Amino acid sequence: MDHTKAKVAKLRRPTIVAILYFPVLITYAVIEVESQGGTTIGIKDIFANRCNTFQQKHQLGKNCTKLWELFLDSFANKTPCAVTPESYSQFFLEANHTASVADKSLFWAFVNPFVYNFSESQRGKYVTILDLLAGYTLNDLQWCWSIEKHDLDYVSCPAFKNCTGENEAVRSFWKANSQMFANLSTGVVFAMLNGSVSTGGAYSNRSIFYTVEVPAMTYPNIKEMRVILVHDPLIPFEEECVNGTLIELKDDLTRKNIKYICEKDPPEVRSLQCFLHPEYHNTSYCVSSGERSIHHHALWVLKNVVITSIGILLSSRY
């Protein structure tokens, strides 16, 4: 999961028209957005609406008002660059809940929003960090505190890279959440990585996947990682499963006795990519001897993708 100024993903799918024109492979992921501007306008109401929606669906019995207060207390009265992952400990103690993630956890770096389109198209095969209460509620929101105003700062929040030790409020939240998700995961885990990232590579040391999630994985809790390596066919640079930073990932996992398996652009990925991206249609990525026609791509996606809502949970940044 990694930083971006790019367009953001919808947490739940909007309409089929929106899907047709929505960009798929974006260089950096949403939930580590570099801070621009101030706190998301209406963040308290967005938090409450999302929390209550999640509660109604999953019957968790959580108190959303209490969760908001714990969340706010995590960074209130602190300068934006003095919020550590540990600052959110009380919030996560209250927000944590049981979830069936065994052999389903899907991690990622630099593939948002495609990872959500893909996860939903597979209908329950995967669980991402945004399928849990904390991630679902805070996805794509921005926040920081103004010491001078004694309130949320709606004007300006610093980018994490401008904070010593990267202890910026939003990034620290996602570090803590990623640590929790990695600790919760068991058995076989999956990781969707972008093989078209020329700076830093698919397993970039700038990503939370590299700095937090992989280090938190231990054997025998996690026995195997299956990497889904995705490429943008319009970008000439390609990192393969057996070269570049993927070798480092394999070595890191091997030292932990975790098995490494990697597949480049599997059929289900190509099918969805080619359906979502009309500009790919005339490339060898979509038109090849082993691929179905674009017509079949569309039928495959329409059969497997469940369109559950129209523009649900849109924040001001969507």
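The values are calculated or read from the model by the stated rules, or taken from the named source; none is laboratory data. From a predicted model like this one, the values you see are computed outputs, not experimental measurements. Cβ coordinates were reconstructed from backbone atoms using ideal geometry, including for glycine residues, and neighbour counts include every protein chain displayed. Remember, those area values only see protein heavy atoms, side chains included, never the ligands or the DNA or RNA. Shrake-Rupley method; radii C 1.70, N 1.55, O 1.52, S 1.80 Å.
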Contact list, first residue from segment 186-209 and within 14 Å of I235 (Cα to Cα) and in contact (Cβ under 8 Å) with a residue 12 or more places away in the chain, second anywhere and among the aliphatic types (A, V, I, L, M) and open to solvent by 10 Å² or more (accessible area, probe 1.4 Å), beta-carbon distance below 7 Å, six or more apart or interchain, is N194/L25; S196/L25; S196/I235
In segment 56-86, anything part of a loop (DSSP other than H, G, I, E, B) and hydroxyl-bearing (S, T, Y) is listed as T79, T84
Counting only residues in segment 213-272 that are at pLDDT 95 or above and of a type in the set (F, W, Y), the one farthest from G201 (Cα to Cα) is identified as Y219
Within segment 190-202, restricting to residues that are in contact with a Lys or Arg (Cβ under 9 Å, 6 or more places away or on another chain) and either at pLDDT 95 or above or open to solvent by less than 10 Å² (accessible area, probe 1.4 Å) (or both), the one that is farthest from K161 (Cα to Cα) is F190
Flagged in segment 105-131 as without any contact (Cβ under 8 Å) to a residue 60 or more places away in the chain, outside any strand (DSSP E or B) and open to solvent by 10 Å² or more (accessible area, probe 1.4 Å), in numbering order, are S119, G124, K125, D131
Worksheet item: If you check N183 against the conditions, is it within 25 Å of E94 (Cβ to Cβ) and open to solvent by 70 Å² or more (accessible area, probe 1.4 Å)?
Response: yes
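Can you confirm whether N282 is modelled with pLDDT of 90 or more and surrounded by fewer than 16 Cβ atoms within 10 Å (Cβ to Cβ)? Show your work before the answer.
Working: modelled with pLDDT of 90 or more: no; surrounded by fewer than 16 Cβ atoms within 10 Å (Cβ to Cβ): yes.
Judged against the criteria, N282 is not a match.
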When C262 is run through (1) surrounded by 15 or more Cβ atoms within 10 Å (Cβ to Cβ); (2) assigned to a helix (DSSP H, G or I); (3) not charged (D, E, K, R), the failure sits at (2)
Subject >> N63 vs. criteria farther than 30 Å from N205 by Cβ, touching a residue at least 60 places away in the same chain (Cβ under 8 Å), open to solvent by 50 Å² or more (accessible area, probe 1.4 Å) and more than 21 Å from the chain's Cα centre (by Cα) >> reply: no
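Please find, within segment 40-52, the residue that is surrounded by the most Cβ atoms within 10 Å (Cβ to Cβ) out of those that are part of a helix (DSSP H, G or I) and touching a helix residue (DSSP H, G or I) at 6+ places or on another chain (Cβ under 8 Å).
My answer is C51.
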Pairing a residue in segment 151-178 that is without any contact (Cβ under 8 Å) to a residue 24 or more places away in the chain with any residue that is in a helix (DSSP H, G or I), where Cβ atoms lie under 8 Å and the two sit 6 or more apart in sequence or on different chains, gives E166/F160; E166/S172
Exactly one of P220, P215 is surrounded by fewer than 22 Cβ atoms within 10 Å (Cβ to Cβ), assigned to a helix (DSSP H, G or I) and out of contact with any helix residue (DSSP H, G or I) (no Cβ under 6 Å at 6 or more places or on another chain), and that one is P215
Looking across segment 132-149 at residues that are free of Cβ contacts under 8 Å to residues at least 12 places away in the same chain and open to solvent by 10 Å² or more (accessible area, probe 1.4 Å), the single one that is nearest to I41 (Cα to Cα) is K149
Pairing a residue in segment 222-247 that is among the polar types (S, T, N, Q) with any residue that is assigned to a loop (DSSP other than H, G, I, E, B) and surrounded by fewer than 19 Cβ atoms within 10 Å (Cβ to Cβ), where Cβ atoms lie under 8 Å and the two sit 6 or more apart in sequence or on different chains, gives T245/G200
